[in-house]
1. Magnitude of the Cβ-charge dipole of segment A:272-367, K/R +1 and D/E -1, about the Cα centre, nearest 20 debye?
2. Using the Kirkwood radius over Cα pairs, work out the Stokes-Einstein diffusion coefficient for chain A at 25 °C and 0.890 mPa s, in µm²/s as a whole number.
3. For chain A, the longest stretch holding no GluC sites (Glu not before Pro) located in a DSSP loop with at most 15 other Cβ atoms within 10 Å is which?
4. Which distance in Å, rounded to a whole number, links the C-alpha centroids of segment A:97-130 and segment A:314-365?
5. Can you give the three extents of the C-alpha atoms in segment A:92-214 along their principal axes, from longest to shortest, in whole Å?
6. For A:LEU257, which sequence-distant residues (separation of 5 or more, or a different chain) have an amide H within less than 5 Å of its own amide H, given hydrogens modelled in the peptide plane?
7. Pop out the ³J(HN,Hα) list for segment A:158-173 in order, Karplus 6.51 cos²θ - 1.76 cosθ + 1.60 with θ = phi - 60°, rounded to Hz; leave Gly and Pro as x.
8. In whole percent, what relative contact order does chain A give with Cα contacts below 8 Å and a gap of six or more residues?
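The values are calculated or read from the model by the stated rules, or taken from the named source; none is laboratory data. Because the structure is a prediction, the values reported are computed rather than measured. Quick reminder, even Gly has a Cβ in these numbers, built from the backbone with ideal geometry, and neighbours come from all protein chains shown. Remember, those area values only see protein heavy atoms, side chains included, never the ligands or the DNA or RNA. Shrake-Rupley method; radii C 1.70, N 1.55, O 1.52, S 1.80 Å.
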Amino acid sequence: MAKKNKEFHMDPWSARGIDEEDYERLIKEFGIERIGEIERQKLIDNRFIRRKIIFGHRSLDDIFKAIEKKQPWAVMSGIKPSGPFHLGTLTTALEIVEFQKMGAKAYYCIADIESWEDNGIPYEEAEEAGVDNLADILALGLDPSPDKAYIWRQSKEPIVKDVCFKVGRLLTQNMVNAIYGEKRFGLYLAALIQVGDILLPQILDAPQPTIVPVGIDQDPHIRLTRDLTRRYYKDIKEDEKIVRDAFFLPGATYHKLLTGLDGTDKMSKRNPNSHFTFNEPIDSIIKKLKGALTGGRKNKKEQQELGGEPQKCMIYKILTYHFEEDDEKLADDFEKCVKGELMCGEHKKECIEKVVKFIENHQKKKEKLIDKAREILKIG
RNA sequence: GGGGGUGUAGCGUAGUGGCAGCGCAGUGGUCUCCAAAACCAAAGGUCGUAGGUUCAAAUCCUACCACCCCCA
């Protein structure tokens, strides 16, 4: 209620939830484009597109053009090494892997400057988490070969720091306030470093379309980056001749965020019951899933008469995001739930089995990739 | 550089010298197909840190630390 009067700040660093009304607003007022039928068809292999988890984008058309003309393009995203992988980071990671499979060169950033600025974790302490996170995405299928991927740590990559200072000249206090609200100064710096991360493919290689798959809460970074790119990375001319084209405005895809397993606004580190990590003991994961919010009715009788409410159900949600491969089975379970034929206890049990299988399998793959991750990040 | 303010449980707060309390969150239980909601119960504190005054300090004094505001 009060929200309508308040200024709309979507904050990449806070844990505020985002509701349907916000999504509409982002599309109407902030220029995010809906994923239309054409984009949908072109990306139909992507589960997140099919299931409308990725709901919006900027400049996806540049990517399709590059694909058509067989020109190079990039996918860029990263992770803040402040803890283990969870279902939220899994979404972005899978998106990167998907785009790489479609032909993009993948640029993956370990955002250790941000984990210092945001969480107070010194670079050295972020190393282990960085290795762990990288091993996770390798296990999910990221191909690290040098022609297909470039992986870096912010603190060790001078180019991204250069960009921070270069574009910093274009920014005023009022602009950062409008985008992020009042924050610790270091967070603004981290945001500018991230501008460097997003532009890195075009700096290291040549101007090319870049897609940044992110959660919708990261859009402020995308807006800032596009604004600064437009103003700073223009055509470079020598003697009236263009020697380097202007950069492409970095594009993005936006996915909806998973809410907390326990029914709270957002999965957050603060609230351990809202999420589980990939490094967590299996019995702890099971316990959290057992306690997950469902859309079930008061008792069995009412459930059979009225049917469940899968829209509210976290079990249904995480199956949709990650753990049910089969579209038909998913739709079928939705139907059964609404008709009152599927009981939550039973559905939960099924879901738990799938999650446990996934985590155990993932751990096995990951274990073998830790050394590889160390090698890539040059951490001994 | 100067001035003012704040610091009490995970979070929000009450407490002006005499047993450190309340709300929310978290935990356990009842209920439930499982959760949620509701109800019941238990738990949680070096009162920012270090000194000092006092029979007695969250409370008064000193220094330091962290954060916020104002002035130059």
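1. On the way: 19 positive and 19 negative charges, 102 e Å.
The calculated dipole for segment A:272-367 is roughly 480 debye.
2. Answer from the Stokes-Einstein relation: 112 µm²/s.
3. Values: sites that count: A:GLU7, A:GLU182, A:GLU240, A:GLU325, A:GLU341.
With a cap of 15 other Cβ atoms within 10 Å, the longest stretch comes to A:8-181.
4. Result: 30 Å between the Cα centres.
5. Computed over segment A:92-214, the largest-to-smallest principal extents equal 41, 34, 23 Å.
6. Distant-sequence amide H within range of A:LEU257: A:ILE216.
7. x, 4, 5, 6, 4, 4, 3, 6, 4, 7, x, 4, 8, 9, 10, 4
8. Values: 559 pairs, mean separation 71.9, N = 380.
The value is 19 percent.
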